[in-house]
Amino acid sequence: MKIAVYPGSFDPITLGHLNLIKRASKVFDKLIVCVMVNSVKKPLFTNEERVEQIKKVTERFDNVEVDSWDGLVAEYAREKGAVAVVRGLRALSDYEKECQMAIINKKINPELETFFLAASEKYMYLSSSAVKEMAAFGADLAEFAPRELIDAIEERVASKK
Ligand code: ADP
């Protein structure tokens, strides 16, 4: 069974992340979406909330699991018997950081491959920060965030203002 890990902050999960999950889940037998603890300094949602949110919006994918991890991705992958880490590439600006991480992960766990999926044209410029910013200005999030989470995002952003 080919298992892949999709690590990230997912603060909050966006339609861009979800698009990647949908596509990667077709390529691997099992995809574990993993909320990386401590990856954001002041998160909008707690790790537990993010795990619950991702579970809710990925319910329809039979081979997708959700977890969180307080350590290195490469070690998590080894523990789970994963063969790959999946990451998304949007603009050129993602490239350098992502390559660096792929090299580090390979050093820690030489068996592990990093698979990059090109962002879909529709979500090329979408990020969790953009969603938070739009929410702060009262913009309609329908095209950017999963429907089930829009109210929670708007409420949390408003409470932090
Ligand atoms: P991190 O803090 O680890 O970069 P993110 O939650 O921002 O976590 O992103 C996780 C992964 O998903 C990264 O590889 C990122 O490039 C990718 N990603 C984020 N938004 C999109 C998007 N709109 N389209 C495709 N990939 C994306």
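Taking the listed residues 63, 38, the one that is away from the ligand (no atom under 14 Å from the Cβ), open to solvent by 20 Å² or more (accessible area, probe 1.4 Å) and among the polar types (S, T, N, Q) is 63, with no other qualifying. Here 29, 11 are screened, and the one residue that is of a type outside the set (A, V, I, L, M) and touching a helix residue (DSSP H, G or I) at 6+ places or on another chain (Cβ under 8 Å) is 11. The residue that is farthest from the ligand (Cβ to nearest atom), counting only those in the stretch 22-35 that are buried (at least 20 other Cβ atoms within 10 Å of the Cβ) and in contact (Cβ under 8 Å) with a residue 40 or more places away in the chain, is 28.
Counting only residues that are near the ligand (Cβ under 9 Å from one of its atoms) and either open to solvent by 80 Å² or more (accessible area, probe 1.4 Å) or under 19 Å from residue 11 (Cβ atoms) (or both), the stretch 86-129 holds 16 of them.
The values are calculated or read from the model by the stated rules, or taken from the named source; none is laboratory data. This structure is a prediction, so every number in the text was calculated from the model and none was measured. Cβ coordinates were reconstructed from backbone atoms using ideal geometry, including for glycine residues, and neighbour counts include every protein chain displayed. Each accessible area value is taken on the protein alone, full model and side chains, heavy atoms only, with ligands, DNA and RNA left out. Shrake-Rupley method; radii C 1.70, N 1.55, O 1.52, S 1.80 Å.
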